[in-house]
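The structure appears right after this line, and notes come after that.
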Amino acid sequence: MRILCALILSVLAALPAAAANPKVALQTDLGTIRVELFTDKAPVTVENFLGYVDSGFYDGVIFHRVIPGFMAQTGGLTFDFQKKETGESIANESDNGLRNKRGTLAMARHSDPDSATSQFFINLANNTHLDAGEDKPGYTVFGRVVDGMEVVEKIAAEPQGLYRAYPNAPNVPVRILKAERLDGAGPNQQSKEG
């Protein structure tokens with residue numbers, strides 16, 4: 001029996017490991033939010049998001065639209081509400097079977113379903129009305145918060161209303177100080193060991 005177990009373990013060890021979903025840390029003024037991305041369900045969206053992460057694009061952007069009990073949006077404006085220059089828009093992948101549930105990340109977009117670029121939001125509730133339907137595209141879910149949902153709730157609890165053009169922005173800007181991959185797979189990542 002021991003020989004059989006050892007044989008099975010050695011065969012399993014020789015098999016290639018399944019690719020793990022990429023993980024990203026969003027270090028904010030109020031704490032760190034760690035997210036897992038669903039490459040298999042939203043490959044275009046995840047590749048787009050990681051491109052922005054790897055380039056440092058998200059470093060310094062603010063949560064500019066925060067609606068308690070609904071969502072917290074970020075990914076495009078600096079602390080002084082200047083829009084950052086983005087890349088091309090991407091195809092909508094909202095028919096991927098993922099739902100806009102509390103704690104998921106989804107792409108923000110205009111009325112054109114294929115208009116998402118860099119902005120995304122974190123759902124603070126189960127927002128099923130944002131999901132794709134038979135006759136309508138939805139908002140592409142591409143990840144989920146795995147640690148730090150309490151930080152998102154802190155952001156949602158910040159006082160608002162100071163900025164007329166952005167009434168849902170926190171009065172004291174809440175920034176993403178640094179966005180970085182946790183798996184070390186980015187183009188400029190070095191090993192954190194030794």
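The values are calculated or read from the model by the stated rules, or taken from the named source; none is laboratory data. Computed from a prediction, not measured in an experiment: that's the story for all the values here. Note that we place each Cβ from the backbone using ideal geometry, even for glycine, and neighbour counts take in every protein chain shown.
Report yes if some residue within the range 133-144 is under 12 Å from the mean Cα position of the chain (by Cα) and either at pLDDT below 95 or not in a strand (DSSP E or B) (or both); otherwise report no. Yes; the residues of the range 133-144 include at least one that is under 12 Å from the mean Cα position of the chain (by Cα) and either at pLDDT below 95 or not in a strand (DSSP E or B) (or both). Only one of the numbered conditions (1) under 12 Å from Met71 (Cβ atoms); (2) outside any loop (DSSP other than H, G, I, E, B) is not met by Lys178, and that is (1).
Residues in the range 40-99 that are under 30 Å from Leu162 (Cβ atoms) and of a type in the set (Val, Ile, Thr): Val53, Val61, Ile62, Val66, Ile67, Thr74, Thr78, Thr86. Return the pair list, or none, for Cβ contacts closer than 7 Å from residues in the range 60-77 that are among the charged types (D, E, K, R) to residues that are at pLDDT 95 or above and not in a loop (DSSP other than H, G, I, E, B), at least 6 apart or on different chains. Pairs that qualify, where the first residue is among the charged types (D, E, K, R) and the partner is at pLDDT 95 or above and not in a loop (DSSP other than H, G, I, E, B), are Arg65/Gln73. Hey, among the residues in the range 161-171 that are within 19 Å of Ile122 (Cα to Cα), in contact (Cβ under 8 Å) with a residue 60 or more places away in the chain and surrounded by fewer than 18 Cβ atoms within 10 Å (Cβ to Cβ), which one's farthest from the chain's Cα centre (by Cα)? In this case the residue turns out to be Tyr166.
To keep it simple, each residue is scored yes or no on (1) of a type in the set (A, V, I, L, M, F, W, C); (2) buried (at least 22 other Cβ atoms within 10 Å of the Cβ); (3) in contact with a strand residue (DSSP E or B) (Cβ under 8 Å, 6 or more places away or on another chain).
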residue	(1), (2), (3)
Arg65	no, no, yes
Gly69	no, no, no
Gly87	no, no, no
Asn100	no, yes, yes
Met107	yes, yes, yes
Ser111	no, no, no
Thr117	no, no, yes
Phe120	yes, yes, yes
Leu124	yes, no, yes
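Filter the range 145-159 for residues that are closer than 14 Å to Met71 by Cβ and in a strand (DSSP E or B) and give the result. Val145, the sole residue that qualifies.
From the list Asn100, Asn96, the lone residue that is under 17 Å from Ala132 (Cα atoms), in contact with a helix residue (DSSP H, G or I) (Cβ under 6 Å, 6 or more places away or on another chain) and outside any helix (DSSP H, G or I) is Asn100.
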